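> So that we are looking at the same thing, I have put the structure below in C-alpha cells.
Derivation of every value follows stated rules applied to the coordinates shown; laboratory data play no part. All values derive from a computational prediction rather than experimental measurement. Quick reminder, even Gly has a Cβ in these numbers, built from the backbone with ideal geometry, and neighbours come from all protein chains shown.
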Amino acid sequence: MKPRLVRSFYAFLITGESASELTAETYAGTVQFFLEWLEDKGIQIQSVTPEACIGFINERAFSGIKGKTLAKDIAALRSFFRFLILERICTENPAELLESPSRGKHLPRVLSPEQVNIFLAAIPTEKPNGIRDRTLFELIYSCGLRVNEAVLLSLPDIHFKERMIVVTGKGRKERLVPFGNEAEKWLRIYLDGPRQLLLGNRISSAVFLNSRGGRITRKGIWSRFQEIEVRSGITAKIHTLRHSFATHMLAGGADLRSVQDLLGHADISTTQIYTHIEDESLGLYHAEFFDNLQDKK
C-alpha cells in the first residue's frame, strides 16, 4: 500500500501536470523509494537538501540503474518537490539543480596516431587524384575539418605564410585554423602541379577538384575514403579523422576552449565529449602498459 503522500502526488501528476498513467506510476514508484531512503537516513522531508538528492541518485546508480531510468528518477524528484511546495510542505525544490545523466550517448570512435598514419600512407600518390586524396585527408585530419568544410575550401582561404586556412563552418561562420607540417608539404605538392592537371583548361577557385576539374563533392570524398579504408585495413569514417584530431590535440596538452574554437563548436559541451574519449584512451594505454610489464616478468 502506498503512503498517502505518494497517492496524493500520483493524483497531482495526473490532474496538475497532465502526465500519463504510466509516467505517474513510474514517478510515484521512485518517490516511494525516495521516502523509504529518507526514513532510513533519518532525514525529514522538510530538511532535504540538494546533497541528499544527489546521495539518493548516487545510490540508485551504484545499484546498477543507468541512463534513462536515472533521468526519470531526477524528473520524478523535481516534480515531487514542486508538488510539496504547492502543498506548503516545502519552500524550495532541492532537486531543481540536479543534472540529468547522458542517456546512453556513445563516445565517437577515434583512431590512434599510428592508425591515422597507416591510413594516410595507404593512399597511392602516383597520379594527380591520388596526391589530391593524400592532401585532402591530411588537411581534414590536421585541421579537424568536417567534410563540407573541405568541399568549400577555396584557394584564397589558404595562407601559407601564417600556415592557416579560413574555414567556412556551420551557419556560414568562418574560423581560422592552423595546419601542420605534413599538411603544408602535401598542399604545396598538390597545388604546384597535380591540381592544375585535374583542372585542365577550366577555371575554378576550389582547392579540391574532381577528375572533371569541378569542385569535389561530399559523395566523391566518401567514395575515395571507402576505397582507402579497404586498402589500409583501417575501419573508420571520414568524421573519425575529425574526432581523432580533437582527441590527439587534448592528449597533447591543448585546452578545451582552444579545441572548441578549432572545431567551430558553438557550445563547449559538444567539445567536452572528447575529454571522456581521452580518459577512456588513457585507461586503455595504462592497461596495455601493465600487461606488457607483466609479460616481461
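Residue-wise test of (1) more than 26 Å from Leu197 (Cα to Cα); (2) surrounded by 15 or more Cβ atoms within 10 Å (Cβ to Cβ).
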residue	(1), (2)
Gly220	no, yes
Ser223	no, no
Glu227	no, no
Arg231	no, no
Lys237	yes, yes
Arg242	yes, yes
Phe245	yes, yes
Met249	yes, yes
Gly252	yes, no
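> In the set Leu153, Leu198, which member is touching a Gly at 6+ places or on another chain (Cβ under 7 Å), crowded, with 18+ Cβ neighbours inside 10 Å and either more than 20 Å from Leu241 (Cβ to Cβ) or not basic (Lys, Arg) (or both)? Full working, then the answer.
On the way: Leu153 fails: touching a Gly at 6+ places or on another chain (Cβ under 7 Å).
Every option except Leu198 fails the conditions.
> Taking Phe80, is it in a helix (DSSP H, G or I), surrounded by 13 or more Cβ atoms within 10 Å (Cβ to Cβ), without any contact (Cβ under 8 Å) to a residue 24 or more places away in the chain and among the hydrophobic types (A, V, I, L, M, F, W, C)? So that I can check it myself, show each step before the final result.
Working: in a helix (DSSP H, G or I): yes; surrounded by 13 or more Cβ atoms within 10 Å (Cβ to Cβ): yes; without any contact (Cβ under 8 Å) to a residue 24 or more places away in the chain: no; among the hydrophobic types (A, V, I, L, M, F, W, C): yes.
No, not satisfied.
> Looking for something assigned to a helix (DSSP H, G or I) and among the hydroxyl-bearing types (Ser, Thr, Tyr) - is there at least one such residue anywhere in region 137-146?
We begin by selecting, within region 137-146, every residue assigned to a helix (DSSP H, G or I); these are 137-143.
Now restrict to residues that are among the hydroxyl-bearing types (Ser, Thr, Tyr): 141-142.
Yes, region 137-146 contains a residue that is assigned to a helix (DSSP H, G or I) and among the hydroxyl-bearing types (Ser, Thr, Tyr).
> Being free of Cβ contacts under 8 Å to residues at least 24 places away in the same chain and assigned to a loop (DSSP other than H, G, I, E, B) narrows it down to one of Glu162, Glu114, so name that one. Reasoning before the result, please.
Values: Glu114 fails: assigned to a loop (DSSP other than H, G, I, E, B).
Testing whether each residue is free of Cβ contacts under 8 Å to residues at least 24 places away in the same chain and assigned to a loop (DSSP other than H, G, I, E, B) leaves just Glu162.
> Name the pairs: first residue in region 127-147 and within 14 Å of Val207 (Cα to Cα) and touching a residue at least 24 places away in the same chain (Cβ under 8 Å), second residue outside any helix (DSSP H, G or I) and of a type in the set (S, T, N, Q), Cβ to Cβ under 7 Å, at least 6 apart or on different chains?
That search, which allows pairs on different chains as well, returns Asn129/Ser211; Ile131/Thr125; Arg134/Thr125.
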